[in-house]
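The values are calculated or read from the model by the stated rules, or taken from the named source; none is laboratory data. Treat the numbers as computed from the prediction; the structure is a model and nothing was measured. Don't worry about glycine lacking a Cβ; one is built from the backbone with ideal geometry, like all the others, and counts go over all protein chains shown.
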């Protein structure tokens, strides 16, 4: 009823679906959605393709087997994203869009993060295609997780899917994850006035003002780390990375423009809105009398921190079935959105995040059979009760 695992993975990887805040490299995910919808239709799932508002080239997919996912019958959601990060083809040892089967690994863009989860989920689901489920099984595929989370935000806006439990199939080496940090990425732009460098009074130096901003950000970072710790995380404090800066154009001109990009990762329980407001107020204060104007641009709405019940039923089941103790990660996922829809949500899937977002990304074949078996057992537990 399904193509082989390798054939499904090859077809998904072959469809470019880069999502990016840069429009020139952003791509549609519709072909990936179409492949998944066709395979799920063949298994007897009811499929709904959901184009994103104002983006007909982007879509989510909700596919349900068994009862109506909206009738309050509970059930289980297996969810993943269909997009990939951008890539530098020159650094790859093979074609990023052609799966390479080598040394017990599947190489290819998105093979690990996270197109490889879908063939695992489909093979597990196929076991139950002819059975009468007592609670529905739903497979969800989203768009733009790697950029704006637009797909998950649209699901939340629509109020679906509805279920009792959800697994986000990100690569965690099959460790069940019950918490992760929130993520905010923003650009701080300062506009000054250029002039001849021999007389500073002829302009307003944006780079000098940015030096003050950076000092304030570092001070705030230290304060946040002192006031907030969570030992469930390997990096047990919130972090703020000053990642990239561009400024000026020549040493003999007063710097008229400076832009700094930062990455802020907050712990569960921290008030994201209050911290963002404080950050903006503090940097505005330090440039107030410099003759430089300030603009703060968020790359996308912040991804909130996520934390589920460390004693939750799904978390305990995945831990017992996979043989891995629950844990936390620093990277962000769509878990917050599924949790907000009312589901106990756990992040769990084959592959390692260490292979994601880099050249020669690969999925370790040794994890595939155990992952498929674990999902079969989870479906048995929560959909055939």
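What about residue 199, is it farther than 14 Å from residue 334 by Cβ, surrounded by fewer than 20 Cβ atoms within 10 Å (Cβ to Cβ) and touching a strand residue (DSSP E or B) at 6+ places or on another chain (Cβ under 7 Å)?
On the way: farther than 14 Å from residue 334 by Cβ: yes; surrounded by fewer than 20 Cβ atoms within 10 Å (Cβ to Cβ): yes; touching a strand residue (DSSP E or B) at 6+ places or on another chain (Cβ under 7 Å): no.
No; evaluated as a whole, the condition is false for this residue.
Can you confirm whether residue 147 is within 11 Å of the chain's Cα centre (by Cα) and modelled with pLDDT under 95? Let's see the steps before the verdict.
Details: within 11 Å of the chain's Cα centre (by Cα): yes; modelled with pLDDT under 95: yes.
For residue 147, the condition - within 11 Å of the chain's Cα centre (by Cα) and modelled with pLDDT under 95 - is met.
Suppose we filter 341, 318, 368 for residues that are in contact with a helix residue (DSSP H, G or I) (Cβ under 7 Å, 6 or more places away or on another chain), surrounded by 23 or more Cβ atoms within 10 Å (Cβ to Cβ), in the same structural domain as residue 153 (by TED's automatic domain parsing) and over 21 Å from residue 266 (Cα atoms); which single one remains? I'd like the intermediate steps shown before the answer.
Details: 341 fails: surrounded by 23 or more Cβ atoms within 10 Å (Cβ to Cβ); 368 fails: surrounded by 23 or more Cβ atoms within 10 Å (Cβ to Cβ).
Every option except 318 fails the conditions.
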Based on what the data block shows, is residue 359 out of contact with any helix residue (DSSP H, G or I) (no Cβ under 7 Å at 6 or more places or on another chain), in a loop (DSSP other than H, G, I, E, B) and closer than 27 Å to residue 142 by Cα? no
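Does residue 355 qualify as being crowded, with 17+ Cβ neighbours inside 10 Å, within 14 Å of residue 111 (Cβ to Cβ) and in contact (Cβ under 8 Å) with a residue 40 or more places away in the chain?
Values: crowded, with 17+ Cβ neighbours inside 10 Å: yes; within 14 Å of residue 111 (Cβ to Cβ): yes; in contact (Cβ under 8 Å) with a residue 40 or more places away in the chain: yes.
Against the criterion (crowded, with 17+ Cβ neighbours inside 10 Å, within 14 Å of residue 111 (Cβ to Cβ) and in contact (Cβ under 8 Å) with a residue 40 or more places away in the chain), residue 355 qualifies.
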Tell me the strands (runs of 3 or more DSSP E) entirely within segment 162-255 that contain at least 1 residues that are within 22 Å of residue 354 (Cβ to Cβ) and in contact with a helix residue (DSSP H, G or I) (Cβ under 7 Å, 6 or more places away or on another chain). 165-168, 177-180, 182-191
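Which of the strands (runs of 3 or more DSSP E) contained wholly in segment 1-114 include at least 1 residues that are touching a helix residue (DSSP H, G or I) at 6+ places or on another chain (Cβ under 7 Å), touching a residue at least 40 places away in the same chain (Cβ under 8 Å) and surrounded by fewer than 24 Cβ atoms within 10 Å (Cβ to Cβ)?
Numbers: elements: 46-52, 55-65, 76-81, 100-102, 105-107.
Counting at least 1 such residues, we get 46-52, 55-65, 100-102, 105-107.
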Determine if segment 256-264 includes at least one residue that is at pLDDT 95 or above, more than 19 Å from residue 297 (Cβ to Cβ) and surrounded by 12 or more Cβ atoms within 10 Å (Cβ to Cβ). no
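Return yes or no: is residue 46 within 20 Å of residue 128 (Cα to Cα), modelled with pLDDT of 95 or more and in the same structural domain as residue 338 (by TED's automatic domain parsing)? If you could, list the steps in order and put the result at the bottom.
Values: within 20 Å of residue 128 (Cα to Cα): yes; modelled with pLDDT of 95 or more: yes; in the same structural domain as residue 338 (by TED's automatic domain parsing): yes.
Taking the combined requirement at face value, the residue satisfies it.
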Would you mind stating whether residue 138 is more than 15 Å from the chain's Cα centre (by Cα) and assigned by TED's automatic domain parsing to the domain that holds residue 311? yes
Conditions (1) free of Cβ contacts under 8 Å to residues at least 12 places away in the same chain; (2) closer than 27 Å to residue 150 by Cβ; (3) assigned to a loop (DSSP other than H, G, I, E, B): number failed by residue 268: (1)
If you take the residues in segment 117-161 that are part of a strand (DSSP E or B) and in contact with a helix residue (DSSP H, G or I) (Cβ under 7 Å, 6 or more places away or on another chain), which one is nearest to residue 313 (Cα to Cα)? 137
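Determine if segment 290-299 includes at least one residue that is under 23 Å from residue 235 (Cβ atoms), within 28 Å of the chain's Cα centre (by Cα) and surrounded by 13 or more Cβ atoms within 10 Å (Cβ to Cβ).
From segment 290-299, those under 23 Å from residue 235 (Cβ atoms) are 298-299; that's our starting set.
Right, trim to within 28 Å of the chain's Cα centre (by Cα) and you get 298-299.
Restricting the remaining residues to those that are surrounded by 13 or more Cβ atoms within 10 Å (Cβ to Cβ) gives 299.
Yes, segment 290-299 contains a residue that is under 23 Å from residue 235 (Cβ atoms), within 28 Å of the chain's Cα centre (by Cα) and surrounded by 13 or more Cβ atoms within 10 Å (Cβ to Cβ).
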